[in-house]
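Visitor: Right, I'll just put the structure down here and ask away after.
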Amino acid sequence: MNIDFDVAIVGGGPAGLSAALVLGRCCRRVILFDHGKPRNQAAHLVNCYLGVEGMSPAELRDLARKQVSAYGVEFVDTQVTDARRKSKEHAAAFVLTTAEGHEFIARKLLLATGTRDRLPDLKNIRQFYGTSVHHCPYCDGWEHRGKRLMALGDGSEAVEQALFLRRWSPFVTACSNGQALSQEDLDRLSQNGIPFIGEKPTALDGSDGQLAAILFATGIRESCDAIFFSSGQTQRSDLGKRLGCSPDNRDLLSTHEKQCTDVPGLFLAGDADGDVQFAIVAAAEGAIAATGINDELQKEDSAKHVEQISVL
């Protein structure tokens, strides 16, 4: 099999699209795979993104794809189910297999596959997720400023979240998800005037995406306008692990200079590496990764050219 592309990008969010834009403008042969199920699918707006503040995720994606397409980047709207080395002869080349069984080969691989949030185990949560239930105060705290907020997390995570949310509202309650708190944590909440609920929540109540109350196993009904939870996350794709990347104790993958990994030819950008998880940061990491990828390709091309001349 011949090598089809200089670069394959898995993930069509801000990181992947940003990288594709830079590499397309470098006249590289680029293919981008997008399964169309981004982490921010439930979100209504993209916030903290200079220039497109308040645009919907779908609008941003459509605009970016239109701009990237102008540079000859090929899009394949499907899921990549497997990735492996091509052969010993092409140790830095990758073979990607799609859900349909099609194979594509690229010299370099960028994973922009992101992470998946672990949602709290609450009845009806999907009805409110992205509207009045969130994981990121930076992204959605402004929209709920001054309202009744619930900081939901396991044990001390609820305390940290509650203290953080006080930046947006004085009406914050901490809920430790049924877990006991240390006396130190209880004192911190008390000193900051933050109420505490130690019972385990079971369900949410409200209508049209707007939360009204959170219900507990003991029968307590706590009025609430929005919940910010801290339940951790997992890798959305296992491709990085299959290729040899080792996750840390938070299931995040590490990168080095210009977003390269410990696996030769493999780069990572976006939420999967655990940096500040904003859309604008993901886009920046994608651009950084693209320059690293192009640098490697350029060095390889130059070395090959010198070798060809020496043979002649």
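Visitor: Name the residue that is surrounded by the fewest Cβ atoms within 10 Å (Cβ to Cβ), counting only residues in region 246-270 that are more than 17 Å from Ala284 (Cα to Cα) and in contact with a Lys or Arg (Cβ under 9 Å, 6 or more places away or on another chain).
Guide: Pro247
Visitor: Further, regarding this structure: Only one of (1) within 24 Å of Phe278 (Cβ to Cβ); (2) crowded, with 22+ Cβ neighbours inside 10 Å is not met by Asp62, so which one is it?
Guide: Condition not satisfied by Asp62: (2).
Visitor: Out of everything in region 257-295 that is within 16 Å of the chain's Cα centre (by Cα) and assigned to a strand (DSSP E or B), what residue ends up being farthest from Tyr138 (Cα to Cα)?
Guide: Selected residue: Phe267.
Yes/no per residue for (1) within 23 Å of the chain's Cα centre (by Cα); (2) more than 21 Å from Pro38 (Cα to Cα):
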position	(1), (2)
Phe196	no, yes
Glu199	no, yes
Leu204	no, yes
Gln210	no, yes
Glu222	no, yes
Gly232	yes, no
Arg236	yes, no
Asn249	yes, yes
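Visitor: On to the next question. Considering only residues of region 207-240 that are of a type in the set (S, T, N, Q) and at pLDDT below 95, which is farthest from Met150 (Cα to Cα)? Give the derivation first.
Guide: Step one: list which residues in region 207-240 are of a type in the set (S, T, N, Q), which gives 207, 210, 218, 223, 230-231, 233-235, 237.
Pick out the ones that are also at pLDDT below 95 and you get 218, 230-231, 233-235, 237.
Working: Thr218: 17, Ser230: 11, Ser231: 14, Gln233: 20, Thr234: 23, Gln235: 26, Ser237: 30 Å.
So the residue we want is Ser237.
Every residue, every condition in (1) modelled with pLDDT under 95; (2) buried (at least 22 other Cβ atoms within 10 Å of the Cβ); (3) not assigned by TED's automatic domain parsing to the domain that holds Gly244, yes or no:
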| position | (1), (2), (3) |
| --- | --- |
| Leu109 | no, yes, no |
| Phe128 | no, yes, yes |
| Arg145 | no, no, yes |
| Arg148 | no, no, yes |
| Ala158 | no, yes, yes |
| Ala162 | no, yes, yes |
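Visitor: Next up: Only one residue in Gly240, Gly193 is touching a residue at least 60 places away in the same chain (Cβ under 8 Å) and out of contact with any Cys (no Cβ under 6 Å at 6 or more places or on another chain). Which one?
Guide: Numbers: Gly193 fails: touching a residue at least 60 places away in the same chain (Cβ under 8 Å).
Unique residue meeting the criteria: Gly240.
Visitor: Could you tell me how many of the residues in region 161-189 are assigned to a helix (DSSP H, G or I) and either closer than 17 Å to Arg145 by Cβ or in contact with a strand residue (DSSP E or B) (Cβ under 8 Å, 6 or more places away or on another chain) (or both)? Talk me through it step by step, then tell me what you get.
Guide: If we filter region 161-189 for residues that are assigned to a helix (DSSP H, G or I), which is where we start, we get 161-165, 183-189.
Next, from what is left, pick out any that are either closer than 17 Å to Arg145 by Cβ or in contact with a strand residue (DSSP E or B) (Cβ under 8 Å, 6 or more places away or on another chain) (or both): 161-165, 186, 189.
The number of residues fulfilling the criteria is 7.
The values are calculated or read from the model by the stated rules, or taken from the named source; none is laboratory data. Model, not experiment: these values are computed from the prediction. Here Cβ is always computed from backbone atoms with ideal geometry, including for glycine, and neighbour counts include all displayed protein chains.
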